[in-house]
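Take a look at the structure set out below.
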Amino acid sequence: MFRAKIIRIFWYLELIPKLGIWNVTYVFFYRLLLKSGILEKRFPVIKIKTNSLVFHECPSRLKYPTEWKHSLFSQADNIVKGVIPYYSYHWIQQSLPPNWFINPFNSKECQDSTKHWTRIPDFNENLGDIKNVWEASRFTWVGILARAYAVSGESKYLNTLNEWLIDWTKCNPVNTGPNWKCGQETSIRVLNLLNAAYILNQSDKPSELLQEIIKLHLRRIYSNFRYACAQRNNHATSEAAAMYIGGNWLATTDSTDVKEYKKYSDKGKTALEHLLRSLVYEDGSFAQHSTNYHRLFLDTLTFIYFWTLRLGLESFTKGFNEIAQKSFYWLLSLVDESGMCPNLGSNDGTTLLMNHSCDYLDYRPSLQAAAVMLKNNLVFEPGPWDEIFYWFDIKKDDFPFVPVKKESKLYSSGYLVMNSYKSWALLRFPFFRFRPSHNDIFHFDLWANGKNILFDSGTYSYNPDKECEVPDLKSVHSHNTLSFDGKDQMPHVRRFLLAKWIKPLMVGGLNQSTDKSGDWKGSYRDSSGNLHTRKIKWVDSKWIIHDTFKGPAKNIQIGFNFDICDYKIEHEVNTVLLPWGEMNISPGAKMTVIKHSVSKYYAQLSEVYRLVISTENNSEIFITINIY
């Protein structure tokens, strides 16, 4: 036990320069401020006066396409009845108005709703995942009700919108309760409220109550922004965007405190210029190694560009624009023809740009909007993902359609996109300038005919209930890759922190023979001295994975996730027959299929199968995948 503690201390010491000495020092100092009560004094409790409405009546918008109405009104009518969307997937019955402090997934209520947010712990085993409490207070439902009222003019939507927002302000005095604990949650509320104001044609002449709500939110964000920056992730970009947009919006609608508002907007813009340079890799990949968090980052950029134009603000620098465009192209290159992306890295169900009724897994709304904002063109044919343009008053016919052909590409930040005839694949290799969250080195994600046939496992929950039997979806045993002696590739030192970040031993170049074929090779060595080399070769609809492994470990396992389906194992030829094709394994290796769970949406589990291939270390395996 003593030796294990010493090892963990050394792991921490190794991580400090990687996380940033000043960031680690600040977080340590910040926690001292929390425990001492000093931080509490910096955030006074304020009760917002609610003697008026947040949003007033307005004329209905015209020419809303009929084909979009059913989905919109179905969602809005559910909300009026108290059925609220959680993570853009679960529609859960709440009270009227909602209980802003309940975890509806286990019916447990936060008992700290009257405490100052600095006195509320990050994790509470009795309450469960605090994100389940925060979700209703992100105000995703605000945009749905605003859209429904703007189209129909029916008072039930506007009344519900105002009643719930006023109830929220009464139940959540500024800096009191769990819903003020996170600056990013506060920022998402700001952006959703401003979005609703624009939808309702009230962004130019807002109510005094809306201005007051936004102002008090910005104070909370501004006063704790240094902590968000220390996280080196999308907390900082979200909060900077809220200050930049919210501050400039207040400065144009309220002349009473322009100096204060400019303080927020200037801080936000300066921070955004810096954050894009520091959090985005040269190839456009974002710091968090996650497709969904990358989408959140891209949506944030779309809001920034939209409000910059809407408010007539000075443009960002050329360097900022170039980084934003690279970020757009990186995510676009990972999108399948179905509009879906690999479920790569942490996926907490976050969505921001929700002026549409498309499924959460569909990335086309975000990418289509970003294409117009960043490149002045469209990248997808017309579809329901274009609804965003209706609400942003953008005539999409003014922009040319420039389709992007999926191509094979090697990203130095740790991603390899391989395109073949009827299929394509993504491989993750180690390159960590920012902290990794999943043990997914050499994960192989395969797509064919618009379907993800070998896939990643997702996340499920950052703090699942104790009685919930969920496998560790961040573990190597949930990805399509290899493990030595059943151990993770990088050990955990804390809930969100991995130690012994693996570096690539070798990253080969991408050899593209034709549009339908190519090969790549890479390798790494883990902290125990085990070496894994993975070579990928593809020709038409045939994929060959060649794994070689050696080192002190005794055994290895290679796993692949696939959907529940009729399959057949032919042990005499080491072949798995599947509806979409077959997987042939080298002779001598043992094969079995087990039940596994994956999470496509946050707080949701789907049962799948997992092919597990086992053999001794210091050998090699060929896995040949033929797609019919």
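The values are calculated or read from the model by the stated rules, or taken from the named source; none is laboratory data. All figures in this text were calculated on a predicted structure; none of them were measured in a lab. Reconstructed Cβ throughout: ideal geometry from the backbone, glycine too, with neighbour counts over all protein chains shown.
For the reader, a short list of remarks on this structure follows.
- Identity of the residue in the stretch 498-519, of a type in the set (A, V, I, L, M, F, W, C) and touching a helix residue (DSSP H, G or I) at 6+ places or on another chain (Cβ under 7 Å), that ends up farthest from Ser619 (Cα to Cα): Ala499
- Cβ-Cβ contacts under 7 Å between residues 6 or more apart (or on different chains), taken from a first residue in the stretch 465-492 that is farther than 16 Å from His443 by Cα to a second residue that is surrounded by 23 or more Cβ atoms within 10 Å (Cβ to Cβ) and modelled with pLDDT under 90, are absent.
- Single residue of Ser333, Ser290 found to be among the polar types (S, T, N, Q) and either farther than 21 Å from Met354 by Cα or in contact with a Phe, Trp or Tyr (Cβ under 6 Å, 6 or more places away or on another chain) (or both): Ser333
- Test: Trp22 is of a type outside the set (Asp, Glu), in a helix (DSSP H, G or I) and surrounded by 15 or more Cβ atoms within 10 Å (Cβ to Cβ): no
- Filter result for Val593 (buried (at least 21 other Cβ atoms within 10 Å of the Cβ), at negative phi and free of Cβ contacts under 8 Å to residues at least 40 places away in the same chain): no
- Matching option when the condition is farther than 12 Å from Ser614 by Cα, modelled with pLDDT under 95 and assigned by TED's automatic domain parsing to the domain that holds Glu620, among Glu572, Glu582: Glu572
- Any hit, the stretch 434-448, residues being among the aromatic types (Phe, Trp, Tyr), part of a loop (DSSP other than H, G, I, E, B), modelled with pLDDT of 95 or more and over 19 Å from the mean Cα position of the chain (by Cα): yes
- Pairing each residue of the stretch 512-524 that is charged (D, E, K, R) with any residue that is part of a loop (DSSP other than H, G, I, E, B) and modelled with pLDDT under 85, provided the two are 6+ apart or on different chains, yields C-beta distances under 9 Å for Asp515/Tyr421; Lys516/Tyr421.
- The strands (runs of 3 or more DSSP E) found wholly in the stretch 511-628 and carrying at least 3 residues that are under 18 Å from His479 (Cα atoms) occupy 517-525, 531-539, 542-550, 555-562, 590-598, 606-616, 619-627.
- Filter result (surrounded by 15 or more Cβ atoms within 10 Å (Cβ to Cβ) and without any contact (Cβ under 8 Å) to a residue 24 or more places away in the chain) within the stretch 92-102: Ile92, Asn99
- Of all residues in the stretch 275-316 being surrounded by fewer than 21 Cβ atoms within 10 Å (Cβ to Cβ) and charged (D, E, K, R), the one that is farthest from Thr351 (Cα to Cα): Glu314
Yes or no, residue by residue, for (1) more than 22 Å from Asn162 (Cβ to Cβ); (2) of a type outside the set (Ser, Thr, Tyr); (3) assigned to a strand (DSSP E or B):
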site	(1), (2), (3)
Leu72	no, yes, no
Pro85	no, yes, yes
Pro98	no, yes, no
Asn106	yes, yes, no
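- Within the stretch 182-258, helices (runs of 4 or more DSSP H) holding 3 or more residues that are closer than 24 Å to Thr270 by Cβ and over 21 Å from the mean Cα position of the chain (by Cα): 208-223, 234-253
- Yes/no for Ile625 being touching a His at 6+ places or on another chain (Cβ under 8 Å), buried (at least 18 other Cβ atoms within 10 Å of the Cβ) and either among the β-branched types (Val, Ile, Thr) or outside the structural domain of Thr548 (by TED's automatic domain parsing) (or both): no
- Scope the stretch 469-501; condition modelled with pLDDT of 95 or more, among the hydrophobic types (A, V, I, L, M, F, W, C) and in contact with a Ser or Thr (Cβ under 9 Å, 6 or more places away or on another chain); matching residues: Leu473, Val476, Phe484, Met490, Leu498, Ala499
- Residues that are of a type outside the set (Ser, Thr, Tyr), in a loop (DSSP other than H, G, I, E, B) and surrounded by 15 or more Cβ atoms within 10 Å (Cβ to Cβ), drawn from the stretch 473-490: Leu473, Lys474, His479, Asn480, Asp488, Gln489, Met490
- Output for the stretch 525-554, where each listed residue is without any contact (Cβ under 8 Å) to a residue 60 or more places away in the chain and charged (D, E, K, R): Arg525, Asp526, Lys535, Lys537
- Hey, Pro44 loosely packed, with under 15 Cβ neighbours inside 10 Å and not in a helix (DSSP H, G or I) or not: yes
- Filtered residue count, the stretch 456-472, keeping only those that are crowded, with 24+ Cβ neighbours inside 10 Å and either touching a Pro at 6+ places or on another chain (Cβ under 7 Å) or among the charged types (D, E, K, R) (or both): 1
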